[in-house]
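Where a number appears in this text, it was derived from the coordinates with a stated rule and is not lab data. No experiment lies behind these values; they were computed from the predicted model shown. A quick note on method: Cβ atoms are made from the backbone with ideal geometry, for glycine too, and the neighbour counts reach across all protein chains shown.
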Amino acid sequence: MKNGGSKKFEPYRTVYGGNVRNKLQWKVLGAMALLGAGMAFTGCKSAPDLTQTQALALIQADYDHAAPQGISIMVNNDGMVQGALAKYWNRTTIYPNKYWADFKLTDEGKKVVKLPAGGDTIQWRPDSLDDKNYMYRIVTVQANHLRARDVGDISDEMVAGVDTAKGADFTEGVDLTGVPDTLQQIVHNPGNKLSAKRHADFALVNGAWTAHGIQ
């Protein structure tokens, strides 16, 4: 054909080269997208498992980190008798109504118990001679850490301020190690609670589970 016209025929590679380059670019972009998705998937690892054994260890470590504390004991009438027989306290005063009395801690008693209000005198003040519900609180001198046991099923939880959290119920109990036998008998009398159900929250921090809080 003549070349004098306003239109020109372009070489074959020029006419079809644009489509070829476009297809190639799409393939490259697709491959990069897949690569990026793969890297993102690899970088976003799932949270590690938290077993009941691990959870128990975390809770106990949290308790062990706190200061040890004496055991609070509610002493009923039978407990007062047991303590008197063990020579932990002696009755020093009996009041005209015959059911109020004061008991003073002995030197031996001061080694094993203390009074929350301070001093060394138990002021026994029941409502009547037949009052079986009256109790007086003492605290063991022996201080121990609380003990955790019986961790239940662990489940995912939503915890404020925590991106990845789990939780579990467990039993919290007192540790009677080092507590004299007589006090151990008294603490098993009615009115005392040696264990309680609690709940622990765990948070994933830098790829490792930590104890976040105990309720």
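Structure notes:
- Under the simplified labelling scheme, the Leu85-Gln215 pair shows an inter-label distance of 4.4 nm, with each label point 7 Å from Cα along Cα→Cβ.
- Simple spin-label estimate for Thr164 and Ser72 gives 3.8 nm between the two label positions (7 Å along the Cα-to-Cβ direction from each Cα).
- q = 0.11, 0.23, 0.24 Å⁻¹, region 58-147: log10 I(q)/I(0) [Debye, one scatterer per Cα]: -0.38, -1.14, -1.21
- In a fully extended conformation the segment linking Asp49 and Thr182 would gain 43.4 nm over its present Cα-Cα distance, using 0.36 nm per residue.
- Using θ = phi - 60° in the Karplus curve 6.51 cos²θ - 1.76 cosθ + 1.60, the 3J(HN,Hα) couplings for region 65-74 round to 6, 7, 5, x, 9, x, 8, 7, 10, 8 Hz; x is entered for Gly and Pro.
- Two-site label geometry, Asp153 and Lys98: point separation in nm, points 7 Å out along Cα→Cβ: 5.9
- In plain terms, if you count all Cα to Cα distances in region 173-214 and split them into 10 Å steps from zero, the share in each step is 23, 31, 20, 19, 7 percent.
- ³J(HN,Hα) computed for each position of region 167-180 - Karplus, 6.51 cos²θ - 1.76 cosθ + 1.60, integer Hz, glycine/proline x: x, 7, 7, 7, 9, 9, x, 7, 10, 8, 4, x, 7, x
- Across region 52-214, counting alpha-carbon atoms alone, Rg and Dmax equal 20.6, 69 Å.
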